[in-house]
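What follows is one structure encoded as structure tokens, with my remarks underneath.
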Amino acid sequence: MEANNQNVVRPRLWISYPWIRHEEVDFNYLVPQLKAANIEAVYESFQLQPDSRLGSKIVQRLMSIGFDGWLYILTHQCFTRRSYTDELTEAIDQTLYHLGPDFPMAGLMYGIAAQQVPPVLRALPCISLGDPNWKRQLSEILKTDAPHSRRSACTNKPRFVWKIHPCYKGNPSMTAIEVHTSGDKIEHWRFAIPKSSKIVRWGQGRAGGGDISRMIFAEASGSGRYENRDINWFGAANTLSDAESAYAVFSGPLPDFICFGTSQTPFGSPGTMETFLPTLGEQN
């Protein structure tokens with residue numbers, strides 16, 4: 001007799017099929033198969049474009065809808081197209097960073113063997129669509145006592161308060177990002193942004209969209225790498241609190257991420273930083 005599954009809480013799974021030249025298969029047929037296995041799946045297919053910033057888009061998709069896992073389809077492109085592997089690897093890294101190391105992710109191999117998958121992608125589970133037990137294997141990966149609990153890594157209280165000020169000081173081309181603390185005072189603060197971002201001005205000022213002070217103490221700057229991206233970091237030693245904020249003013253589109261944190265020394269590089277995603281209005 002078939003069990004009654006009406007009261008079973010189905011984990012929500014996002015299935016993505018990134019492709020470069022053309023779609024080989026419409027994998028939408030997997031959705032009803034997974035529903036029969038008590039997995040609520042959403043399928044999306046999309047073409048990878050140069051500099052597509054796949055990682056940010058995937059993190060936004062996973063967080064905004066509230067999925068319990070991510071299944072990415074692996075075809076021959078993963079070992080014949082370096083750009084495919086690089087984009088997917090960066091997306092996995094960003095997902096691990098923003099959703100935590102316990103967030104379920106797996107590759108679904110189509111028409112390829114496990115030994116053909118690049119080692120960097122074999123670090124996470126890879127299951128074969130040709131295996132009769134692939135749905136059971138996927139269920140084991142998604143298994144949890146409480147759905148959505150794996151997103152707890154993102155629910156820790158942020159250290160900083162972030163605000164976006166469009167049309168900063170009446171200029172429609174300027175947008176200011178404001179950061180201040182929740183009460184404690186800090187010095188030796190640092191911003192980090194993508195190297196390609198166009199920043200107009202930065203500094204410290206009164207909270208709530210105030211003017212930026214012309215005085216900058218212990219100005220420091222440098223460069224580095226963040227998730228395969230070139231970044232510039234900069235900051236000062238002007239004291240920040242819940243009443244005094246740090247500001248970074250941009251001309252044109254905001255970067256897809258902005259980092260903020262502190263340094264242990266007046267002119268040193270930043271340590272652990274909090275990341276703000278302007279498109280989501282969320283920090284991690």
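Given the condition modelled with pLDDT of 90 or more, surrounded by fewer than 13 Cβ atoms within 10 Å (Cβ to Cβ), in the same structural domain as Asn28 (by TED's automatic domain parsing) and in a helix (DSSP H, G or I), answer yes or no: does some residue in region 122-138 qualify? Lay out the reasoning, then the answer.
The initial filter retains those residues of region 122-138 that are modelled with pLDDT of 90 or more, namely 125-138.
Restricting the remaining residues to those that are surrounded by fewer than 13 Cβ atoms within 10 Å (Cβ to Cβ) gives 130-133, 136.
Subsequent filtering for residues that are in the same structural domain as Asn28 (by TED's automatic domain parsing) retains 130-133, 136.
Then keep just the ones that are in a helix (DSSP H, G or I); that gives 136.
Checked region 122-138: at least one residue is modelled with pLDDT of 90 or more, surrounded by fewer than 13 Cβ atoms within 10 Å (Cβ to Cβ), in the same structural domain as Asn28 (by TED's automatic domain parsing) and in a helix (DSSP H, G or I).
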### Task
For region 198-216, indicate whether the set of residues that are under 21 Å from Met63 (Cβ atoms) and out of contact with any Phe, Trp or Tyr (no Cβ under 9 Å at 6 or more places or on another chain) is non-empty.
no
The condition of being under 29 Å from Gly55 (Cβ atoms) and either free of Cβ contacts under 8 Å to residues at least 60 places away in the same chain or in contact with a Cys (Cβ under 8 Å, 6 or more places away or on another chain) (or both) holds, among Gly235, Gly183, only for Gly235
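Inspect region 85-101 for any residue being more than 24 Å from Pro194 (Cβ to Cβ) and either assigned by TED's automatic domain parsing to the domain that holds Ile141 or hydroxyl-bearing (Ser, Thr, Tyr) (or both) and give the result as yes or no.
Quick first cut of region 85-101, residues more than 24 Å from Pro194 (Cβ to Cβ) only: 101.
Going one step further and asking which of them are either assigned by TED's automatic domain parsing to the domain that holds Ile141 or hydroxyl-bearing (Ser, Thr, Tyr) (or both), we end up with 101.
Yes, there is a match, as at least one residue in region 85-101 is more than 24 Å from Pro194 (Cβ to Cβ) and either assigned by TED's automatic domain parsing to the domain that holds Ile141 or hydroxyl-bearing (Ser, Thr, Tyr) (or both).
Restricted to region 175-186, and to residues that are surrounded by 15 or more Cβ atoms within 10 Å (Cβ to Cβ) and of a type in the set (S, T, N, Q), which residue is modelled with the lowest pLDDT?
Among residues in region 175-186 that are surrounded by 15 or more Cβ atoms within 10 Å (Cβ to Cβ) and of a type in the set (S, T, N, Q), the one modelled with the lowest pLDDT is Thr181.
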If we keep only residues of region 104-121 that are touching a Cys at 6+ places or on another chain (Cβ under 9 Å) and in a loop (DSSP other than H, G, I, E, B), then the residue surrounded by the most Cβ atoms within 10 Å (Cβ to Cβ) is Ile112
Does Arg150 meet the test of being of a type in the set (D, E, K, R) and either buried (at least 17 other Cβ atoms within 10 Å of the Cβ) or modelled with pLDDT under 90 (or both)? yes
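The values are calculated or read from the model by the stated rules, or taken from the named source; none is laboratory data. Not measured: the values here are computed from a predicted model. Methodologically, a virtual Cβ is constructed for each residue, glycine included, from the backbone with ideal geometry; neighbour enumeration extends over all protein chains shown.
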